[in-house]
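See structure below.
Quick note: the coordinates plus some simple rules give every number you see, no bench work behind them. Everything quoted here is computed from the prediction, not taken from an experiment. Every residue, glycine among them, receives a Cβ derived from its backbone with ideal geometry; neighbour counts consider all protein chains shown.
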Amino acid sequence: MATVLAIETSCDETAVAIVKNRHILSSVVSSQIAIHQQYGGVVPEVASRQHVEIVNQAIDQCLTESGLDWSEIDGIAGTCTPGLVGALLVGLTAAKTLSIVHDKPFIGVHHLEGHIYASYLSDPDLEPPFLCLLVSGGHTSLIYVKDCGRYEVLGQTRDDAAGEAFDKVARLLKLGYPGGPIIDRLAAEGDPKAFALPEGQISRPEGGFHPYDSSFSGLKTAVLRLTQRLEATGEPLPIADLAASFQATVVRALTKRAIACARDYGLNTIAVGGGVAANRGLREQLQAAAAPYNIKVMFPPMKFCTDNAAMIGCAASEHLDRGHISDLAIAAQSRLPLSEVMSLYRV
Ligand code: KG4
Ligand code: ZN
């Protein structure tokens, strides 16, 4: 089974890991959150520069911690899509360079396939098919995982991602960045029924609503309007009730869609991934809703939910075992449909 060194720089984490099949030999994650906090969100140019600053030392540290030398590494992987192009370029260029210098195969990895593989890291015995609910700052997707490289996106957000909605609502409530953990904490002290907020639905041309697609931008606007109305009264804002009501609406939307999708497709495992998988409301509600249908819900530990290179290495190791190797000419791309993952390999 292939041992792979993987580099992930698609957004605001500089990460390097060495993975053998579904097991981590070493993993380094350097988060830039503290740097971007002062701007209230990720600034792409600042992210790229920070990756340049630390990627080499992260590679050295990872190799040292693994106790391996280059002769024991079978392949070099780098996230090539989706993400901020300038940020992706840093890790991708480092990975390609190492592959040339050490004469190892290069494996380009789709970031979302990496998030799916995070579930294999937390449960190496997990096998497809299963449903992945991927909820991060950039994505909200329901993915039918059929096999390595074979994915069908059954549902997604039509506008803001779930994490993005948490971040935007936290910003309008002046709570800080990233918003998810702050709202999660406040929601525990508030009443989720204090305010009725609209759960976004996507209409279908033939009538009715799309069962698995979601929309969070209307909800964010509703929180803005409600906040403006409450502020006009001159009373202090009921922040905890607002946070709890907002969070409950997002959780209800995600839970309903994930359960419907798993049942409709006969899938008895839902693996959740991405930063929003840390949300306590989501963890409780999804488990409770799945239990009556005997659907198993997996929430990997936080270190595998948020961006890391171990998940990229885990995906790359399986691709390499199957002979899926990338051309050095593949570019950093801001997006690529998950259904086109296999276009990254020369097979
Ligand atoms: O997966 P991730 O680390 O990065 C992306 O690839 O986007 O996810 C970050 C997102 C942020 O939007 C953050 O607010 C959200 O995950 N998040 C949470 C929680 N912890 C992080 N959202 C809700 N509840 C949380 N406890
Ligand atoms: Zn991510």
* Structure fact -> Applying the gyration tensor rule to the Cα atoms of segment 2-140 (axes a ≥ b ≥ c; rounded if a/c under 1.5, else prolate if a/b exceeds b/c, else oblate), the class is oblate
* Asked: Which number gives the lysine pairs in the chain that have C-alpha atoms under 29 Å apart and are eight or more places apart or on different chains?
  -> 27
* Structure fact -> Once phi for every residue in segment 192-201 is put through the Karplus expression 6.51 cos²θ - 1.76 cosθ + 1.60 (θ = phi - 60°), the whole-Hz ³J(HN,Hα) values, with Gly and Pro written as x, are x, 9, 4, 10, 8, 10, x, 8, x, 10
* **Amide H contacts under 5 Å for L25, placed H, 5+ residues apart** => I18, V19, K20
* Structure fact -> Here, trypsin sites (Lys or Arg not before Pro) of segment 172-280 satisfying both criteria (DSSP loop; at most 10 other Cβ within 10 Å) are K174, K193
* Only Cα pairs under 8 Å and at least 6 apart count here; give the relative contact order of the chain as a rounded whole percent. => 25 percent
* **Ellipsoid equivalent to segment 1-47 - semi-axes via the Cα gyration tensor, in Å** => 28, 9, 6
* By how many degrees, between 0 and 90 and to the nearest 10, does the Cα long axis of helix 85-101 differ from the longest principal axis of the chain? -> 20 degrees
* Asked: In sequence order, what are the phi-derived ³J(HN,Hα) couplings for segment 277-285 according to the Karplus relation 6.51 cos²θ - 1.76 cosθ + 1.60 with θ = phi - 60°, rounded to whole Hz, with x for glycine and proline?
  -> 5, 6, 5, 5, x, 5, 4, 5, 5
* **Footprinting exposure proxy for F209, F216, F304 (fewest neighbouring C-beta atoms within 10 Å first)** => F209, F304, F216
* Whole-number percent relative contact order across segment 1-73, with pairs defined as alpha carbons under 8 Å at least 6 apart -> 32 percent
* Structure fact -> Short to long, in 10 Å steps from zero, the percent of alpha-carbon pairs of the chain per bin is 6, 26, 32, 23, 10, 3, 0
* To do: Counting other beta carbons within 10 Å of each Cβ, put D327, D125 in order, fewest first.
  => D125, D327
* Asked: Going by how many other beta carbons lie within 10 Å of each one, how would you line up V250, V153, V347, fewest first?
  -> V347, V153, V250
* To do: Calculate how steeply helix 44-66 sits against the longest principal axis of the alpha-carbon atoms of the chain, using the helix alpha-carbon long axis, and give the answer as 0 to 90 degrees to the nearest 10.
  => 50 degrees
